[in-house]
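A short worksheet on the structure shown next.
Since every read-out is calculated from the coordinates, none of them should be taken as a lab result. Because the structure is a prediction, the values reported are computed rather than measured. Please note: Cβ atoms are built from the backbone with ideal geometry, for glycine as well, and neighbour counts cover all protein chains shown.
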């Protein structure tokens with residue numbers, strides 16, 4: 001992908017991290033991470049607090065030093081290059097605009113450091129503010145604009161210096177839900193328009209799945225899976241990914257001949273080389289459908305609705321099967337026909353499922369798509 | 001019948017009326033107490049100042065008014081002491097130099113410690129607050145030999161600025177620390193660094209401008225300390241404003257110029273405080 005700077009084409013760059021490790025005393029924040037961002041793509045790092053995603057971003061930014069490993073950008077090793085010389089734009093979780101400068105001055109700050117002339121600086125600042133839709137706020141101070149606007153200005157400021165890489169450290173977490181959704185889409189639109197290689201860190205799976213080209217799910221300093229959002233969601237590589245990204249029902253079953261039988265239903269496996277035996281299958285709530293059970297005899301997939309949680313267009317129905325509970329996600333209109341106390345029959349859609357005998361990962365994580 | 005009459009009042013109405021009345025009475029008592037305390041303490045501070053102003057305007061005869069004590073500020077020369085005006089000049093210069101040196105020493109140091117060497121923060125805090133615990137006479141004994149050497153070379157009273165910087169450290173440190181605590185130093189510095197700023201630029205163009213109010217507060221405290229300092233200058237045999245006023249009072253006990261000069265020094269500190277506070281408020285208002 002390419003983007004232009006005053007009519008001159010500028011190519012997006014590859015970012016490669018090899019064997020990155022970082023320790024804080026006895027705590028391993030990052031454990032030999034290998035990750036490559038293709039030119040122009042947006043990779044989202046997703047995971048719980050303490051998984052190492054922010055550490056990864058800070059190492060790329062140069063705000064911390066790696067204990068071992070290398071980082072190359074566009075083929076150049078920048079591992080020991082100071083943060084000020086890495087040519088990266090960064091947007092922070094906390095509001096990071098300089099309070100004593102106007103919006104325009106904030107955006108122009110990086111250009112001033114690069115000795116860009118006053119007229120050029122102003123022009124570029126207004127261009128960037130136009131890009132984020134805030135040109136009319138150029139002469140306001142940060143405390144005079146809203147949180148969402150501040151983050152948009154921060155994005156404009158990061159892009160104004162035409163960095164090689166854009167780093168976003170949970171930029172939406174301090175915003176309310178509606179603003180978050182709007183700004184998320186705006187960030188993605190701008191990233192595609194500019195064509196810049198981007199690393200986006202978040203703990204919100206909806207954000208990651210909505211805007212990333214690939215999602216990297218991290219746990220305890222390691223990458224469990226790196227794949228496009230649909231693959232991370234529908235074919236999770238480990239039980240941690242299956243349970244962290246979306247909801248999963250844990251149902252006991254038996255593997256035989258490359259398939260798993262769960263409560264009388266035979267389902268294909270994500271990984272075919274699982275040995276025969278007792279396993280726990282992770283079934284998505286969307287793969288479960290419900291119908292009213294009118295016959296008197298019970299069955300392995302017959303249960304009682306114990307709760308219906310309204311989520312807007314969809315509802316989550318909790319069904320008691322006697323020895324376990326199962327979650328099903330239905331449209332709200334379908335769920336309204338099955339109030340609490342109803343007897344229902346479950347059907348599990350034959351999507352490939354992940355199985356595990358323990359908490360160990362079922363398969364090695366992918367590194368590149 | 002009385003009980004029936006009382007019971008005919010609805011409980012809700014009764015309970016609504018009573019708390020409201022009690023609250024109003026309590027609020028009124030609190031306000032009276034506040035005004036009383038304000039008046040008593042206000043008089044405690046203001047009466048001596050009024051007396052000083054009155055004495056400074058006293059004429060040659062009791063009960064008459066005159067501005068001669070104020071006019072004498074520029075021209076008074078006591079027996080065996082230099083002119084008052086030179087002491088005023090020296091003190092103002094000392095205040096300016098002390099303010100500049102204190103801020104140049106403390107502001108970058110405190111920012112740097114906050115950004116890069118936080119483990120040193122407690123040590124620096126201890127060192128900066130140490131002068132509070134050291135009596136002036138002990139400082140004089142410790143610095144006496146150094147100042148004897150300085151006087152041997154006949155350097156001026158402006159050399160007092162070194163010891164005044166030490167005296168001002170606790171007050172300036174506290175004012176600046178409060179300013180640093182009010183801003184997100186880490187995020188601002190990381191944002192600046194990610195845009196290509198050097199550490200010098202981070203300190204001078206990003207962090208320090210956001211500490212303006214704290215720097216102004218440190219300035220006011222330092223200047224006030226220097227304007228009012230007597231003990232160290234007197235014991236080290238220098239003539240600053242307070243030493244000069246004391247000398248005048250020894251030679252001419254009721255000289256009106258003592259009161260006019262003291263009052264002028266207080267007014268000066270007060271005006272300085274107003275100007276700096278107004279400048280700080282202007283900056284916030286513009287922002």
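Quick notes on this structure:
- Tensor-based shape of segment A:1-110 (alpha-carbon gyration tensor, a/c under 1.5 rounded, otherwise prolate or oblate): oblate
- Among B:268, B:44, B:161, the residue with the largest mean-square fluctuation in a Gaussian network model of chain B, with springs joining Cα atoms closer than 10 Å, is B:44.
- Sequence of B:278, B:171, B:246 once ranked by neighbouring C-beta atoms within 10 Å, starting from the fewest: B:278, B:246, B:171
- The calculated FRET efficiency for residue B:230 paired with residue B:23, based on their beta-carbon distance and R0 = 41 Å, is about 0.20.
- Between residue A:310 and residue A:146, the FRET efficiency from the beta-carbon distance, with R0 = 30 Å, is close to 0.50.
- Computed from label points 7 Å out along Cα-Cβ, the spacing between residue A:254 and residue B:50 is 10.2 nm.
- Ordering of B:90-102, B:53-65, A:113-125 by burial proxy (mean other Cβ atoms within 10 Å per residue, highest first): B:90-102, A:113-125, B:53-65
- Whether chain B is rounded, prolate or oblate, judged on the alpha carbon gyration tensor where a/c under 1.5 counts as rounded: oblate
- Distance between the 7 Å Cα→Cβ label points at residue B:74 and residue B:268: 1.5 nm.
- For chain B, built as a Gaussian network whose Cα springs stay under 10 Å, the top-fluctuating residue of B:131, B:83, B:48: B:48
- Rounded D (µm²/s) - segment A:247-356, Kirkwood Rh over Cα pairs, Stokes-Einstein at 25 °C, 0.890 mPa s: 172
- Partner chain coverage, peptide B:203-213 - average Cβ within 10 angstrom: 2
- In plain terms, the residue of B:159, A:218 with the fewest other Cβ atoms within 10 Å comes first and the most crowded comes last, giving B:159, A:218.
- Applying 0.36 nm per residue to the separation of residue B:85 and residue B:60 and subtracting their alpha-carbon distance, the gain on full extension is 6.7 nm.
- Peptide B:241-250 has a mean shielding of 0, counted as Cβ atoms of other protein chains within 10 Å of each residue's Cβ.
- Counting, for every residue in A:156-169, the Cβ atoms of other protein chains within 10 Å of its Cβ and taking the mean gives 1.
- Helix A:103-113 and the long axis of chain A differ in direction by around 70°, with both axes built from C-alpha atoms.
- Distance from the C-alpha centroid of segment A:20-82 to that of segment A:179-225: 16 Å, rounded to the whole angstrom.
- Shown is the FRET efficiency for residue B:100 and residue B:279, computed with R0 = 30 Å from the Cβ-Cβ distance and rounded to the nearest 0.05: 0.95.
- Of A:95, A:233, A:24, the residue with the greatest mean-square motion in the GNM of chain A, using alpha carbon springs below 10 Å, is A:24.
- Estimated purely from DSSP H runs of n ≥ 4, each contributing -39500 (n - 2.57), the mean residue ellipticity at 222 nm for the protein assembly as shown is -15000 deg cm²/dmol once divided by its residues.
- Ordering of A:168-181, A:200-213 by packing [mean C-beta count within 10 Å, highest first]: A:200-213, A:168-181
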